[in-house]
Amino acid sequence: MQVILPDRTVQTMPGDPVPIEQLLLRLGILPTGVIVVKNGRIVPDDVIASGDDVVRIIRVAHGG
Amino acid sequence: MAGKEGGGRTGEDQCAFCPEPPVIRSGSGERLCARHLTADIERRVRDNLRVTRGIAPGDHVAVALSGGKDSSCMLLILNRILGEWADASITAITIDEGIAGYRDGTIRAACSLTRRLGVRHHVTSFSELFGHDLDHFLQGREQRACTICGVLRRRALADAARSVGAARIATGHNLDDEAQSVLMNILRGDLARLAQDSTTGLPGCFLPRIKPLSVISEREVFTYLLVKGCYTDLPECPYARSALRSEVRAMLDELEYRHPGTRESLIRSRDAIRKQVGPASLPGDLHACQSCGAMCSGELCQACRTLRSLGI
């Protein structure tokens, strides 16, 4: 599984199924502060990521 | 809703209201697709404006448009729902504080959006109004950046809104912003600011402000723009890093994750305090600023005091 972090660096992680929320917490990221895109599609954080999924984490921009 | 229509998608992979894939979980835990998310947000904004009587028929509303995500989202939604109030109209107002490497990009985004929506757009600047830009004012005063900018921007916005004949000013403060402000005012011991309700307006003193997005979380705002294809990636204000708000935001994000509903609780507390402590019962007499007429507790209001301290 490839995980693209908010700073655009890429981490390769095991493909074991994991809820995205848990994946974020493992990376030290609060789920409420980010949007997650799995394989090109925005997904809620209770969706499972696994296998060859490409998960991109986008930090919610601040400032209105 | 599941089954063939969902293209084989299971209940876990679909919106609570249709077979489409979900993009977010709502506050109540429901999964929502892009269509139902945008409908939900627009409904909540509409309800918020109705409950707070934020817009009245015939109102001309000045929409504070920085070009950032919140004000852009607000303009998109207001432009869509404005027909609910007969003869109501909007003019977008953008204030160029003059922050190098930041403001030009957001103003371009603001102009692009208003052109696309066909919304009237009024742009003014600190240089025009106060003689210098914010970068100039903040030399040697960077620690006070947000305070000085906020005070002057509010003055600029009010002046611009009056110049276009607006009856109200709409700002893009979201649920997170509102909760952060409550916590900041408590941390500073600023009861006056906590109790002040800018939505009411005071006769002849300042224009009422409405906050259509105050019931929408920052994350929802962001998602709304993404699914609408209207998000522009812009840098964060360079002065924001030194602000207390950044620390409060981080604290509140953590609290909200571990104790969902914290933001709403803070706002309910604020509203309860406001009911108990009206402006007339605050320490010190309130009267009109000698310079601009705004309600204040001294001879000059905060904006005028700030301008005097900056040598204007």
Can you find even one residue in the range A:53-64 that is over 9 Å from the mean Cα position of the chain (by Cα), surrounded by 14 or more Cβ atoms within 10 Å (Cβ to Cβ) and modelled with pLDDT of 95 or more?
-> yes
The correct count of residues that are outside any helix (DSSP H, G or I) and surrounded by 15 or more Cβ atoms within 10 Å (Cβ to Cβ) in the range B:96-119 is 6
The range B:217-233 residues that are closer than 23 Å to B:I267 by Cα, paired with ones that are in a loop (DSSP other than H, G, I, E, B) (beta carbon under 6 Å, 6 or more apart) | B:E218/A:V60; B:E218/B:N174; B:R219/A:V60; B:V221/B:N174; B:F222/A:V60
Just one of (1) of a type outside the set (F, W, Y); (2) buried (at least 17 other Cβ atoms within 10 Å of the Cβ); (3) modelled with pLDDT of 85 or more; (4) not in a helix (DSSP H, G or I) trips up B:L252, so point out which.
-> (4)
Matching strands (runs of 3 or more DSSP E) fully within chain A where at least 2 residues are within 13 Å of chain B (Cβ to nearest Cβ) | A:34-38, A:41-43, A:54-59
Total residues in the range B:73-95, condition open to solvent by 10 Å² or more (accessible area, probe 1.4 Å), within 16 Å of B:L117 (Cβ to Cβ) and either in contact with a strand residue (DSSP E or B) (Cβ under 9 Å, 6 or more places away or on another chain) or not charged (D, E, K, R) (or both) | 7
Those residues of the range B:228-244 which are surrounded by 12 or more Cβ atoms within 10 Å (Cβ to Cβ), modelled with pLDDT of 85 or more and more than 9 Å from chain A (Cβ to nearest Cβ), in sequence order | B:K228, B:C230
State whether one or more residues within the range B:17-27 are over 24 Å from B:C230 (Cβ atoms), open to solvent by 40 Å² or more (accessible area, probe 1.4 Å), part of a loop (DSSP other than H, G, I, E, B) and modelled with pLDDT under 95.
-> no
Among the residues of the range B:201-209, is there at least one that is farther than 24 Å from A:L25 by Cα, surrounded by 14 or more Cβ atoms within 10 Å (Cβ to Cβ), at pLDDT 85 or above and away from chain A (no Cβ under 12 Å)?
-> yes
Which of the helices (runs of 4 or more DSSP H) contained wholly in the range B:131-233 include at least 1 residues that are farther than 30 Å from A:V43 by Cβ?
-> B:134-137, B:145-163, B:175-188, B:191-195
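Yes or no, residue by residue, for (1) farther than 25 Å from A:V60 by Cα; (2) in contact (Cβ under 8 Å) with a residue 12 or more places away in the chain; (3) under 16 Å from the mean Cα position of the chain (by Cα); (4) open to solvent by less than 40 Å² (accessible area, probe 1.4 Å):
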site	(1), (2), (3), (4)
B:A158	yes, yes, yes, yes
B:S163	yes, yes, no, no
B:A170	no, yes, yes, yes
B:H173	no, yes, yes, no
B:D177	no, yes, yes, yes
B:L183	no, yes, no, yes
B:I186	yes, no, no, no
B:D190	yes, no, no, no
B:S198	yes, no, yes, yes
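The values are calculated or read from the model by the stated rules, or taken from the named source; none is laboratory data. In this text the structure is predicted, and so the values were computed from the model without any measurement. Here the Cβ is made from the backbone with ideal geometry for all residues, glycine too, and neighbour counts use every protein chain on show. Accessible surface is based on the protein model in full, side chains and every heavy atom, while ligands, DNA and RNA are left aside. Shrake-Rupley method; radii C 1.70, N 1.55, O 1.52, S 1.80 Å.
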